[in-house]
C-alpha cells in the first residue's frame, strides 16, 4: 500500500514482468496510435525535425519520447530525445498498478495532470488530452 512522505509517494516496485507487460502495451500504443497520427512520415527540414516516437523506462517512470534529428549545417544528422509525457508508478492496487500521468511544462518541470489511473486509462488520456501530445 502506498504511503505519503514529504510530498512524494512510496510504493512497491514494479517487477520485471510487470514492467515488460506495461512496456509492451505502451509500445503497441506508440506504433498503432501515436506514430500514424503524429508521425506518418519523416519530413527533413533545415532545422530539428522528428524522426521517431518511442518509450523508455527510467526507474518506476515510463516516458514517451520524440527523437529529433538536426538539419542544421554544423551538426547535420545528430539526434536527441525529448520527452512529452510520462507515467509515474504510484501505487499497487488489487486490480493492478496505478500511474500518475505527467505533462512536461515549457519550464522543464513535470506536472501531474491525472492521478492514480490504470495503464489503459493513461494511454487513453495521452491519446485524447492535447497537452500530452508529442511536439511535432
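Over region 13-132, Cα pairs under 8 Å with separation of 6+ residues give a relative contact order of 16 percent. Shape analysis of region 84-136 places it in the oblate category; the axes a ≥ b ≥ c from the Cα gyration tensor give an a/c of at least 1.5, with a/b not above b/c. Name the residue, out of 114, 106, 93, whose mean-square fluctuation peaks in a Gaussian network model built on the chain with Cα pairs under 10 Å. Of 114, 106, 93, the most mobile in the Gaussian network model is 106.
Test of understanding: in a Gaussian network model of the chain with alpha carbons linked when under 10 Å, which of 43, 112, 67 would top the mean-square fluctuation ranking? Among 43, 112, 67, the largest GNM mean-square fluctuation belongs to 43.
Neighbour counts of other Cβ atoms within 10 Å put 68, 135 in the fewest-to-most order 135, 68.
With helices as the sole contributors, the chain gives -6000 deg cm²/dmol at 222 nm; each DSSP H run of n ≥ 4 counts as -39500 (n - 2.57), and the sum is divided by every residue.
Normalised by 2.2 N^0.38 Å, where N is the number of residues, the C-alpha radius of gyration of region 14-70 stands at 1.31.
None of the figures in this text is laboratory data; all of them are computed from the coordinates on show. All of these numbers come straight from a predicted model, not from anything done at the bench. Virtual Cβ from ideal backbone geometry, glycine too; neighbours counted across all protein chains shown.
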